[in-house]
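The values are calculated or read from the model by the stated rules, or taken from the named source; none is laboratory data. The structure displayed is predicted, hence computed values, not measured ones. Don't worry about glycine lacking a Cβ; one is built from the backbone with ideal geometry, like all the others, and counts go over all protein chains shown. Please note that ligands, DNA and RNA were not included when accessible areas were found on the heavy atoms of the full protein model with its side chains. Shrake-Rupley method; radii C 1.70, N 1.55, O 1.52, S 1.80 Å.
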Amino acid sequence: MQSIVDQDLGTPARLGTPLLTLSIDGQPVTVPEGTSVLRAAALLGQKIPKLCATEQLEAFGSCRLCLVQIEGMKGLPASCTTPVAEGMRVTTQTAKLAEVRRGVMELYISDHPLDCLTCPANGHCELQDMAGVVGLREVRYGYAGANHLSAAKDTSNPYFTFDPAKCIVCSRCVRACDEQQGTFALTIQGRGFDSKVAASQDVPFMDSECVSCGACVQACPTATLSENTLIERGQAEHSVVTTCAYCGVGCSFRAEMQGEAVVRMVPNKDGHANHGHSCVKGRFAIGYATHPDRIFKPMIRARISDPWREVSWEEAIGYAARELKRIQAQYGRNSIGGITSSRCTNEETYLVQKLVRAGFGNNNVDTCARVCHSPTGYGLKQTLGESAGTQNFDSVMQADVIFVIGANPTDGHPVFASQM
């Protein structure tokens, strides 16, 4: 499920020109060409019911809940897959639409467990929300016929649980695995009533090609795919924007919390480096935040044989400064320097070089990224006249052809590779 604070506009944004003006429920709105009717309505504040649609994925049109009426168009088209047109007149609320939407929702609920009070998604479930939005009050079909309510859970993955009894086969998880991660570990197996989400050739998640990136979990509109931490601890009460602590890509996250305890990490869709996606470490490796071995106070020791002792920050910084000065006084100005990891952010690396040059008075500063990327820098300097990176992440979207030589970006840089 998505973040507790995100507003989902239904389909991805379209950029550029030309701009088109249409009318939705009598209100004019101007959007770029290619924008869906669903997104245009959301930009106006008109929330058309939806289940299979999310702005993190391309429109699919399977749930049939976002139906609208469009002047001059036959039937009730799905607003997620219908692009806007100049002068289009759209109606999102009529008695006919309400009746059809309730009928569609009734079919979903007829094959869905009614265990909302004990469900981990209770209070933050799109299916639950949409049932309320369309005004569903009864299910006429009962549970005497064939259903999927007895489907067994898959708990093989250490980070999330797959409960097929709650699945509505909206394909959002499959599409997230394909479009965002590019692993293609999930598929819809079977046809008609027998359709179901399956990992690879219908094997447990941990036996499939799944890399535990969690894109499917975030895309799921129900509790079919749920983080184990969410199942154990319950829903978060507030969200804090933060940056992943694992590498230097700088992925933005929303840490969803109960008080000071982290319930789960949700990639921030507004993050410029990751655009709502992440690798397994950033999303699920959150145990360090509350691990009993975590160090909360600075510690110092005079020699390696001495035990560590906790001190204040003032004492620790003062001690480090005195020792650095002592070494320079004894061995000279160039006797000390600084080196940063390629996992550091640009800001952290900048601060270290500033400390070395302005504080230590020398140029003994380096980063391990220079060592492995010195051929890259040389090649860029010779061909483009500049050894620094010349493009941002989003420029990949505009490339016609991408050559990857001597590298494995899907393993080494999974977040970047997902945008390729």
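What to note about this one:
- Subset of LYS166/LYS281; LYS325/LYS381; LYS96/LYS269; LYS50/LYS269; LYS269/LYS354; LYS47/LYS166 violating a 30 Å alpha-carbon distance limit: LYS325/LYS381; LYS96/LYS269; LYS269/LYS354
- Peptides 49-62, 286-299, 152-165 ordered by packing proxy, namely the average of other Cβ atoms within 10 Å per residue, highest first: 49-62, 152-165, 286-299.
- Computed with a 1.4 Å probe over protein heavy atoms only, the accessible surface of the stretch 255-345 comes to 64 Å² per residue.
- Note that the stretch 1-53 presents 42 Å² accessible area per residue, ligands and nucleic acids not counted, probe 1.4 Å.
- Once the Cα atoms are used to define both axes, helix 368-384 deviates from the longest principal axis of the chain by about 80 degrees.
- Cα gyration tensor shape of the stretch 1-69, rounded if a/c is under 1.5, else prolate or oblate by comparing a/b with b/c: prolate
- Highest-first arrangement of 105-112, 171-178, where packing means the average Cβ count within 10 Å: 171-178, 105-112
- Point-to-point label distance, ARG370-ASP25, nm (Cα→Cβ direction, 7 Å offset): 5.9 nm
- Under 13 Å from the ILE402 label point (7 Å along Cα→beta-carbon), backbone N, the stretch 166-201: 179-183
- Counting charges near ALA199 (Lys, Arg +1; Asp, Glu -1) among other residues having Cβ under 9 Å from its Cβ returns a value of -4.
- Cα-based equivalent ellipsoid, the stretch 235-295: semi-axes from gyration tensor eigenvalues, Å: 19, 15, 9
- Protection proxy ranking of 340-349, 124-133, by the mean of other Cβ atoms within 10 Å over each peptide's residues and highest first, is 124-133, 340-349.
- Heavy-atom accessible area per residue - the stretch 54-131, 1.4 Å, Å²: 48 Å²
- Rel. contact order, % - alpha carbon contacts under 8 angstrom, at least six apart, the stretch 1-98: 32 percent
- Principal-axis analysis of the Cα atoms of the chain puts helix 95-109 at an angle of about 70° to the longest axis.
- In the stretch 230-332, the convex hull through the Cα atoms has an average projected area of 10.1 nm², a quarter of its surface area.
- Extension gain from GLN353 to THR242, taking 0.36 nm per residue of separation minus the Cα-Cα distance: 37.5 nm
- In whole percents, the pair-distance distribution calculated for the chain from its alpha-carbon pairs, binned every 10 Å from zero, is 4, 17, 24, 22, 16, 9, 5, 2, 0.
- Under the Debye formula (equal points on every Cα, no solvent term), log10 I(q)/I(0) of the stretch 48-161 at q = 0.13, 0.15, 0.22, 0.24 Å⁻¹: -0.63, -0.80, -1.33, -1.44
- Surface composition of the chain: carbon plus sulfur atoms contribute 55% of the solvent-accessible area (1.4 Å probe, protein chains only, all chains present).
- Considering every alpha-carbon pair of the stretch 163-260, the percent of pairs per 10 Å bin, from zero through the bin containing the longest distance, is 14, 40, 32, 12, 2.
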